[in-house]
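> First the structure, then my questions, so here it is.
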């Protein structure tokens with residue numbers, strides 16, 4: 001039922017049992033002020049994204065900006081790191097589900113990133129419950145009892161809490177101002193900040209965030225202005241907020257220095273968001289057959305264009321006194337010990353590479369990976385909380401290195417097509433059913449990995465990519481394999497995430513078979529969520 005907040009703002013969502021705890025009149029008025037102050041700039045920057053993509057489709061290639069050369073050349077550093085963010089050796093991420101949050105905070109990790117973005121299906125129930133859960137976690141009152149009577153509560157020592165709001169491109173359709181939905185970024189940030197910033201500061205911590213999907217330093221500047229405004233509105237000291245930016249878009253890789261500079265008063269560093277980065281490469285250069293990537297499993301962190309991006313990220317951060325955070329280990333431990341042995345070895349190799357490249361910490365998706373990630377980094381850190389003092393050898397990463405996608409080894413195979421279809425169908429079914437993080441084939445899949453799957457299918461079809469084992473990727477091949485996978489999943493009573501397979505098929509078809517590429521699957525998908 002729609003509920004008027006002011007003569008301009010309306011809450012369209014149905015009632016939620018916990019809504020009154022976070023959707024207070026003062027909090028909602030604060031969200032409206034954020035909307036009034038920043039939404040026009042946000043929309044302008046989203047239009048700039050479209051214009052930039054059109055120029056690339058027309059043949060322009062990204063490069064470092066001439067206009068910001070001085071920023072890259074000058075000596076400047078970010079603000080000092082707060083005490084509870086100095087050690088970030090292991091960061092665990094996950095959705096804002098109540099039980100998962102308790103387990104993550106108790107996992108032994110240094111940081112828990114509570115995710116309103118890629119690991120959350122943004123149903124209204126999930127969004128509201130997530131804000132309530134974060135509020136309770138900050139005050140250390142969060143607890144949970146499952147149907148069998150098992151109780152979950154916080155340990156004496158817990159991870160430092162960071163929150164990732166949704167990206168600039170996403171709306172929150174349930175709060176409307178002047179007939180337009182507000183930004184989901186401002187909604188997620190604003191509610192969490194309004195309710196928890198002062199409480200966190202009183203407890204010796206602070207309002208800490210991860211910022212997703214940025215494509216330019218101007219988008220970072222917008223976030224910085226939001227931070228300044230929010231702190232002033234609540235009477236909190238400027239610089240109270242700290243934010244780590246995920247470099248998960250290839251265009252942002254050309255502006256890393258500038259992004260850190262814009263946020264320097266609030267910067268906590270950069271993170272190598274590997275899965276979305278791969279997706280962005282496919283999306284940005286979707287029209288180019290020479291930029292076609294091989295099967296998803298063959299695009300590792302050791303391929304040339306990924307190595308260039310991560311080396312530049314570490315040097316950029318350490319030169320500015322900021323943390324450089326490594327990428328996700330998405331493995332979910334299995335009951336099969338041989339699967340675990342092989343997977344843990346791969347996780348170890350990945351973390352060895354990150355730690356020796358100079359990263360200050362890394363991400364995991366499951367508490368079972370905490371020990372191996374910490375052991376690897378502890379060997380390099382030798383008792384230090386980070387290695388920001390270590391400036392890697394001069395890294396001459398050029399635009400050609402960042403754009404070295406054609407140098408990626410590997411093949412496109414029919415098995416790769418099948419894996420993308422199977423994962424996408426199961427994940428989209430889970431997401432539409434309200435689950436943003438889904439354990440599929442011993443990996444924690446989220447929106448980013450689903451984006452890789454569906455964008456590869458679109459690009460392979462659009463460019464008539466030949467398959468290494470014979471044939472060509474066509475719409476007909478996609479439809480045949482899709483139907484085979486649907487039949488197999490529908491006939492397996494133990495298959496997980498099959499409750500909305502028909503809707504998942506319709507959404508995946510629209511993403512893969514359309515002549516036009518859809519920028520983010522969450523935009524059309526969101527229309528199917530309550």
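> Report yes if residue 471 is farther than 23 Å from residue 275 by Cα and either touching a helix residue (DSSP H, G or I) at 6+ places or on another chain (Cβ under 9 Å) or modelled with pLDDT of 95 or more (or both), otherwise no.
In short, yes.
> Taking region 53-63 only, how many residues are surrounded by 11 or more Cβ atoms within 10 Å (Cβ to Cβ) and outside any loop (DSSP other than H, G, I, E, B)?
4
> Can you confirm whether residue 273 is buried (at least 19 other Cβ atoms within 10 Å of the Cβ) and on the phi > 0 side of the Ramachandran plot?
It is false that residue 273 is buried (at least 19 other Cβ atoms within 10 Å of the Cβ) and on the phi > 0 side of the Ramachandran plot.
> Can you give me the number of residues within region 1-32 that are in a helix (DSSP H, G or I) and either within 26 Å of the chain's Cα centre (by Cα) or farther than 26 Å from residue 222 by Cα (or both)?
Qualifying residue count, region 1-32: 9.
> Could I ask something else about it? Considering (1) closer than 30 Å to residue 385 by Cα; (2) touching a helix residue (DSSP H, G or I) at 6+ places or on another chain (Cβ under 8 Å); (3) in a helix (DSSP H, G or I), say which one residue 297 fails and leave the rest.
(1)
Yes/no matrix, rows are residues, columns are (1) in contact (Cβ under 8 Å) with a residue 60 or more places away in the chain; (2) within 21 Å of the chain's Cα centre (by Cα); (3) over 30 Å from residue 5 (Cα atoms):
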{"site": "104", "(1), (2), (3)": "yes, yes, yes"}
{"site": "109", "(1), (2), (3)": "yes, yes, yes"}
{"site": "116", "(1), (2), (3)": "yes, yes, no"}
{"site": "121", "(1), (2), (3)": "yes, yes, no"}
{"site": "126", "(1), (2), (3)": "yes, yes, no"}
{"site": "139", "(1), (2), (3)": "yes, no, no"}
{"site": "160", "(1), (2), (3)": "yes, yes, yes"}
{"site": "174", "(1), (2), (3)": "yes, no, no"}
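> Please enumerate the residues belonging to region 144-162 that are part of a strand (DSSP E or B) and within 20 Å of residue 370 (Cβ to Cβ).
Across region 144-162, the qualifying residues are 152, 153, 160, 161, 162.
> Residues being on the phi < 0 side of the Ramachandran plot and in a loop (DSSP other than H, G, I, E, B): count how many of those fall in region 106-122.
Residues meeting the conditions: 11.
> Another question, if that's okay. All but one of (1) within 24 Å of the chain's Cα centre (by Cα); (2) farther than 24 Å from residue 280 by Cβ hold for residue 459; state the number of the condition that does not hold.
(2)
Here is a yes/no grid of residues against (1) surrounded by fewer than 24 Cβ atoms within 10 Å (Cβ to Cβ); (2) assigned to a helix (DSSP H, G or I); (3) in contact (Cβ under 8 Å) with a residue 60 or more places away in the chain; (4) in contact with a strand residue (DSSP E or B) (Cβ under 7 Å, 6 or more places away or on another chain):
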{"residue": "181", "(1), (2), (3), (4)": "yes, no, no, yes"}
{"residue": "192", "(1), (2), (3), (4)": "no, yes, yes, yes"}
{"residue": "198", "(1), (2), (3), (4)": "yes, yes, no, no"}
{"residue": "204", "(1), (2), (3), (4)": "yes, no, yes, no"}
{"residue": "214", "(1), (2), (3), (4)": "no, no, no, yes"}
{"residue": "221", "(1), (2), (3), (4)": "yes, yes, no, no"}
{"residue": "225", "(1), (2), (3), (4)": "yes, yes, yes, no"}
{"residue": "232", "(1), (2), (3), (4)": "yes, yes, no, no"}
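> Of all the helices (runs of 4 or more DSSP H) wholly in region 377-496, which have at least 2 residues that are at negative phi and surrounded by fewer than 17 Cβ atoms within 10 Å (Cβ to Cβ)?
Per the criteria, 399-402, 414-432, 475-490.
> Against the conditions (1) surrounded by fewer than 18 Cβ atoms within 10 Å (Cβ to Cβ); (2) in contact (Cβ under 8 Å) with a residue 40 or more places away in the chain; (3) assigned to a loop (DSSP other than H, G, I, E, B), where does residue 66 fall short? Just the number, please.
All conditions are met except number (2).
The values are calculated or read from the model by the stated rules, or taken from the named source; none is laboratory data. Predicted model only: the values in this text are computed from it and were never measured. Here Cβ is always computed from backbone atoms with ideal geometry, including for glycine, and neighbour counts include all displayed protein chains.
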